[in-house]
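See structure below.
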Amino acid sequence: MKKVFVKSYGCQMNVYDAERMADVLAAEGYSETAAMEEADLVILNTCHIREKAAEKVYSELGRVRSLKEERAGHGQETRVVVAGCVAQAEGREILRRAPVVDVVVGPQSYHHLPELLRKAQTERVVDTEFPVEDKFDHLPQPSRQKTLSRGVSAFLTIQEGCDKFCTFCVVPYTRGAEVSRPVARILDEAARLADAGVRELTLIGQNVNAYHGEGPDGRVWSLGRLLRRLAEVPGIARLRYTTSHPRDMDDELVAAHGDLAALMPYLHLPVQSGSDRILDAMNRKHTGDEYRRLIERIRRARPDIALSSDFIVGFPGETDADFEETMRLVAEVGFASSFSFKYSPRPGTPAAELEAQIPEPVKAERLARLQNLLETQRQAFNRGTVGQTLDVLVEKPGRHPGQLAGKSPYLQAVHFESDAHRIGDIVTVRIARAGSNSLFGERVGPKDRAAA
Ligand code: 5AD
Ligand code: SF4
């Protein structure tokens, strides 16, 4: 049997796409391997969001080249595919820079992989079309066993692309316009995942709360409505969604946070900056106060909700005073976890053309200060759960025999002792101690058993 190795960079959408690529290739007789050295086919599923992410691809391709040469010495052929957003953005340029690459395929056309690999036997190929057909209609279903091997918490793509055009972001160019999958398809996929033993679904999309898919009733359904329906799928105990835009948090979605027990009290809602001037230059179309008021509304619906955000420091033109506004917003809102980045100019985006680029040392200093504050908040949030009783979805065995590891509703890793539980169970755990990256607790009782 031929073997395929897929390495994914970047966001959860790429993790999902990598699994679907493995499914396409399983139908062609490839089994997955975690060891690149033994792969007949190497796929790098790339990320273009920041310069560093994109450059990683070329350094990895250097390693792939040595490997290919070594395998060739043993008479083994290795074929190389670059997929994902760097493939979409750079296309043919990748073939020029990296002679080791056989196929370049974008995120909307990876269902063509079998055909592209056949073509690549005679010539190197690039497919970065946004085909008229829906790739989801052409993707084979993984086996029940395969699905379960991927864990009790699964990603489900419900929406792709973005029409927001934040001035720093490549996503609208690499992933294209917003497209929502029809409700019926999503429900089918959810039922299939649940049937294989999945307990938690994370709905994903570049702009997931802009979801507006066709419902079974022929009407357009919002994310709030879709979540209500998914909460009824037997076996599914937990729902999450990511990543959202503040402008798309409509009343129905906010209400769902109050009404749906399955919807976990954790929300990733990127704000990027606390300065109105910078938010405007970023084309975010909301102010810092509008974000604060939105958070108040969400907290009224679900008082214990934990918040997470993305931040960019050193956006062109960002002054010390603008940066202080970001620090003030963070201090006022309080985040349980966050991602923060130095602004990275991306070719083809409006902000990359701005003159007032910020010097690297200023960016570095601001990032260090912001990350310090965010880390303090994260630790404080984790310590705040000590003494509480939390439901933990068991995901895997713990580090030591008799230990299990899982996630709290707030997406914290929790370790506890138990030999009476299985992966997929939801167990009530009293949190005894907070480590730097996970919580440790004692089992109080079973809550909800996984189906046998
Ligand atoms: N520079 C730095 N960070 C960026 N992000 C997106 N584009 C850039 C860029 N050009 C960050 C944003 C976004 C997250 C996924 O990546 O914070 O929310
Ligand atoms: Fe990029 Fe903005 Fe769209 Fe998010 S909302 S994917 S940051 S353009």
| request: Scan the stretch 10-45 for residues that are touching a strand residue (DSSP E or B) at 6+ places or on another chain (Cβ under 7 Å) and within 16 Å of ligand 2 (Cβ to nearest atom) and jot them down. | output: GLN12, MET13, ASN14, TYR16, ASP17
| query | Considering the stretch 158-192 alone, what residues qualify as being part of a helix (DSSP H, G or I) and among the small types (Gly, Ala, Ser)? | reply | ALA184, ALA190, ALA191
| For residues in the stretch 221-249 being under 22 Å from LEU411 (Cα atoms) and within 16 Å of ligand 1 (Cβ to nearest atom), which is surrounded by the most Cβ atoms within 10 Å (Cβ to Cβ)? | TYR241
| Of the residues that sit in the stretch 200-218 and are free of Cβ contacts under 8 Å to residues at least 40 places away in the same chain and on the phi < 0 side of the Ramachandran plot, which one is farthest from the chain's Cα centre (by Cα)? | ASP217
| field | Out of GLN121, GLN141, GLN88, GLN159, sole residue that is within 17 Å of HIS48 (Cα to Cα) and not small (Gly, Ala, Ser) | value | GLN88
| said: Quick check on this structure: which one of ARG293, ARG328, ARG297 is basic (Lys, Arg), without any contact (Cβ under 8 Å) to a residue 12 or more places away in the chain and open to solvent by 50 Å² or more (accessible area, probe 1.4 Å)? | reply: ARG293
| said: Just to be sure I understand, how many residues within the stretch 383-415 are part of a loop (DSSP other than H, G, I, E, B), at pLDDT below 95 and of a type outside the set (D, E, K, R)? | reply: 4
| query | Is it true that some residue in the stretch 175-184 is within 16 Å of ligand 1 (Cβ to nearest atom), open to solvent by 20 Å² or more (accessible area, probe 1.4 Å) and touching a Phe, Trp or Tyr at 6+ places or on another chain (Cβ under 6 Å)? | reply | no
| task | Report yes if some residue within the stretch 321-328 is of a type in the set (Gly, Ala, Ser) and under 22 Å from the mean Cα position of the chain (by Cα); otherwise report no. | result | no
| said: If I go through the stretch 185-203 residue by residue, how many of them are open to solvent by less than 10 Å² (accessible area, probe 1.4 Å), under 13 Å from LEU226 (Cβ atoms) and touching a Lys or Arg at 6+ places or on another chain (Cβ under 8 Å)? | reply: 2
| field | Criterion: touching a residue at least 12 places away in the same chain (Cβ under 8 Å) and under 30 Å from PHE341 (Cβ atoms) - qualifying residue of GLY435, GLY441, GLY384, GLY406 | value | GLY406
| Within the bounds of the stretch 127-150, is there any residue that is away from ligand 2 (no atom under 16 Å from the Cβ), under 26 Å from ALA231 (Cβ atoms) and touching a His at 6+ places or on another chain (Cβ under 6 Å)? | yes
| said: Take the residues in the stretch 49-71 that are farther than 23 Å from LEU117 by Cβ and either in a loop (DSSP other than H, G, I, E, B) or touching a residue at least 40 places away in the same chain (Cβ under 8 Å) (or both); name whichever of them is most open to solvent (accessible area, probe 1.4 Å). | reply: LYS52
| query | For the stretch 272-281, which residues satisfy the criterion of being buried (at least 23 other Cβ atoms within 10 Å of the Cβ) and either basic (Lys, Arg) or in contact (Cβ under 8 Å) with a residue 60 or more places away in the chain (or both)? | reply | GLN272
| task | Name, by its number, the condition in (1) out of contact with any Asp or Glu (no Cβ under 7 Å at 6 or more places or on another chain); (2) buried (at least 21 other Cβ atoms within 10 Å of the Cβ) that does not hold for CYS162. | result | (1)
| request: Using the structure shown, decide if LEU260 is more than 16 Å from ligand 1 (Cβ to nearest atom) and within 29 Å of LEU393 (Cβ to Cβ). | output: yes
| field | Members of the stretch 89-101 that are within 27 Å of the chain's Cα centre (by Cα) and open to solvent by less than 30 Å² (accessible area, probe 1.4 Å) | value | GLY91, ILE94, VAL101
| request: Look through the stretch 193-220, keep the residues that are within 25 Å of GLU395 (Cβ to Cβ) and either part of a loop (DSSP other than H, G, I, E, B) or touching a His at 6+ places or on another chain (Cβ under 7 Å) (or both), and return whichever of them is nearest to ligand 1 (Cβ to nearest atom). | output: GLY205
| task | Filter the stretch 220-266 for residues that are of a type outside the set (A, V, I, L, M, F, W, C) and out of contact with any helix residue (DSSP H, G or I) (no Cβ under 9 Å at 6 or more places or on another chain) and give the result. | result | GLU232, ARG238, ARG240, TYR266
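The values are calculated or read from the model by the stated rules, or taken from the named source; none is laboratory data. Quick caveat, the model's predicted, so the values are computed rather than measured. So basically every Cβ, Gly included, is an ideal-geometry build from the backbone, and we count neighbours across all protein chains shown. When the accessible area is computed, the model is the full protein with side chains, heavy atoms only, and any ligands, DNA or RNA have been set aside. Shrake-Rupley method; radii C 1.70, N 1.55, O 1.52, S 1.80 Å.
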